[in-house]
Each structure stands twice: as structure tokens, then as C-alpha cells.
Amino acid sequence: MNQLLDEIKKNLIAGRVDSEDEGFDEDLTGQPGVTELVKKALEENIPPADILTKALTPGMEEVGELFEQGEYLVPDMLASAECMAEATKILKPHLVDTDIQNKGKFVIATVEEDLHDIGKNIVGTILYGSGYDVQDLGTSVNAQAIVEAVKESKAQYVGLSALLTSTMHHMKEVIDLLKESGIRDQVTVCVGGAPISEEFSQKIGADLYAEDAFDAIQKLEKRA
Ligand code: B1M
């Protein structure tokens, strides 16, 4: 892997947003953290998609493994999540194509009881960047609020994100409520998140499952 990408990943795992952060095990104060390293990577013309998929996302996956093994606690996950959020802010303008047509309204949300928003934010940013008019409803949004937003905005697309096996069932509630409201045929429902699979997506009657933001764009283009 490119050394700079490796540094970004290591610093994200260590929860170091910038050079003022110490890091967990050793005093790294003064050395560049995630934000400085991401800016440097952009200056070196490393594609923003590579920074996301080869450094930041695998870094978060490793944080999840450390949490599972009991080595990391919730505050450690939060420190890495903050790095991810700050890095996404820096990358956002570089992921946006300014010369594109409007591809339609897209309501996106993390489902009820689920507070994970990093993946949803990345997907929303990339959808926005490729021409969708994205309305982000936030985290822990119940089915009623999602369907109301779809009705109000007359959205053609709904994107649902879930990171917990205990919250993924809320996706089906949204689809059922869209049916009850008589608008299921007017919207394309896209689902994603770590515990979601193609099989689950079909089981609950979603229109498409996307592994990540780039997969979502490709699959949506195919349906258009
Ligand atoms: Co949580 N957490 N967490 N967490 N957390 C996981 C998900 C977990 C797998 C960690 C682990 O044990 N290995 C585990 C879930 C286990 C399970 O359900 N089986 C877990 C747990 C248990 C918990 C708590 C219960 C911990 C506790 O309190 N005891 C708690 C629950 C809170 C709640 O939601 N009610 C909790 C809390 C948190 C934090 C708040 C500390 C923090 C979230 C901060 C935030 O989001 N603002 C956090 C984090 C950071 C994680 C991990 C480490 C990283 C998630 C992440 O941001 N990944 C995560 C472990 C892991 O996933 N490996 C974990 C990076 C992100 C880019 O990837 O979100 O997968 P992801 O998004 C991807 C794709 O999935 C896809 O595209 C994205 C971009 O590539 N995608 C879509 C996502 N949504 C999509 C929607 C689409 C299409 C694609 O269409 C619309």
C-alpha cells in the first residue's frame, strides 16, 4: 500500500484527528494526524476514492475488530469515528462533480435505534457528488418519518443504512409503510450497511443492495 495511505489508516486507528492529538500508546503530539495526512494525500494527487476505500474504510474495519476483541472501548471507536468525519469533510468537495445533471430526489437515513452515520454520510456525499438531490434525515429515524419525508419531497429514491443486526429489521418496516401508503411503486429503495446482504435485501423487498457508495451509483445507473 502507498505509505501515506498506510499512515492515514494507522492514525485513524489511533484516533488522532490532527497533530495536537497524542495517540493511545505513545506520545505522537506534533506529528501529522488524519486531517493533515489526508490534505497531503490530496496534494500528492492520490484519488479521493482511494483515500476512502484503501485507508479510511479499512481503518474503521480494523477499529471494529479491535472493539470485538475487547481491546477497544466505545470512546476509542468514537475517536476513530471523529477522524473519519473530519476526513470526509475534507474529501467532500473533491468527491463532487460540479458539471452534472440532477438525477432525482434521494431521501437517505440511518434506521431507527441505530446511531451509526459514517457510512450513510459517505454514501450521501457521493450520491450528491454524482448528481442526486440528497435529503439526509440523520440517524435513528423511524419508518413514519422516512415515509413522510418521501411523500413531502416526492423523492424517487430512498436509501436506508443499518450497522447493527438488531436494527436492520427496521428497513422492512419502511418498505411495508411505503406499501401501505400506496407509494411503493414510485420509489426505488436502496439498502446498505455492514450486516446487510443481497439476500436480506431481496427478502425484505428492497430494490437494490449496495455494498458501498460506488456500488450504489453503478447499480442506480443500471436501473435508470
Ligand atoms: Co458501533 N458497532 N456500536 N459504533 N461500530 C459496529 C457496527 C460493530 C460491528 C462493532 C463490532 O462489534 N465489531 C458492532 C455491531 C455488532 C452487531 O450488530 N452484530 C457495534 C456495536 C455493538 C455498537 C454498540 C452497541 C456498542 C455499545 O454501545 N456497546 C453501539 C450502538 C449504538 C447505536 O447505534 N444504537 C455502537 C456505537 C458506536 C459509536 C457511536 C461509538 C461509533 C459510531 C459513530 C458514528 O457513526 N458517528 C461506532 C463505530 C465507529 C463502529 C464501527 C467500528 C465502524 C462503523 C463505521 O463507521 N465503518 C463498526 C465496526 C465495523 O463496521 N467494522 C461498529 C466505516 C464506514 C465507512 O463503513 O458504516 O459499513 P460502513 O458503511 C459502508 C458500507 O456498509 C456501505 O457503504 C459505506 C461506505 O463504504 N453502506 C451503505 C452503509 N450504509 C449504506 C447505505 C446504502 C448503501 C451502502 O444505501 C443507502
Of the residues in the range 50-87 that are of a type in the set (Val, Ile, Thr) and surrounded by fewer than 20 Cβ atoms within 10 Å (Cβ to Cβ), the one that is farthest from the ligand (Cβ to nearest atom) is Thr53
Any idea which of (1) β-branched (Val, Ile, Thr); (2) at pLDDT 95 or above; (3) part of a helix (DSSP H, G or I) is the one Thr57 doesn't satisfy? (2)
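Of the residues Leu78, Leu52, only one is more than 12 Å from Leu12 (Cβ to Cβ), part of a helix (DSSP H, G or I) and aliphatic (A, V, I, L, M); which?
Numbers: Leu52 fails: more than 12 Å from Leu12 (Cβ to Cβ).
Among Leu78, Leu52, only Leu78 is more than 12 Å from Leu12 (Cβ to Cβ), part of a helix (DSSP H, G or I) and aliphatic (A, V, I, L, M).
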Limited to the range 94-133, what total is found for residues that are over 27 Å from Ala79 (Cα atoms) and touching a residue at least 24 places away in the same chain (Cβ under 8 Å)? 13
So which residues in the range 88-127 are near the ligand (Cβ under 10 Å from one of its atoms) and more than 25 Å from Thr188 (Cα to Cα), if there are any at all? Thr88
Might you check whether a residue that is more than 13 Å from the ligand (Cβ to nearest atom), within 14 Å of the chain's Cα centre (by Cα) and not hydrophobic (A, V, I, L, M, F, W, C) occurs anywhere in the range 129-147? yes
What's the total number of residues in the range 192-224 that are within 6 Å of the ligand (Cβ to nearest atom) and either assigned to a helix (DSSP H, G or I) or surrounded by 18 or more Cβ atoms within 10 Å (Cβ to Cβ) (or both)? 5
Let me spell it out: the conditions are (1) modelled with pLDDT of 95 or more; (2) under 13 Å from the mean Cα position of the chain (by Cα); (3) part of a helix (DSSP H, G or I), and Val38 meets all of them except one. Which number is the exception? (2)
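The values are calculated or read from the model by the stated rules, or taken from the named source; none is laboratory data. Just so it is clear, the model here is predicted, and its values are computed rather than measured. When we count neighbours, we look across all protein chains shown, and the Cβ atoms used for this are built from the backbone with ideal geometry, even at glycine.
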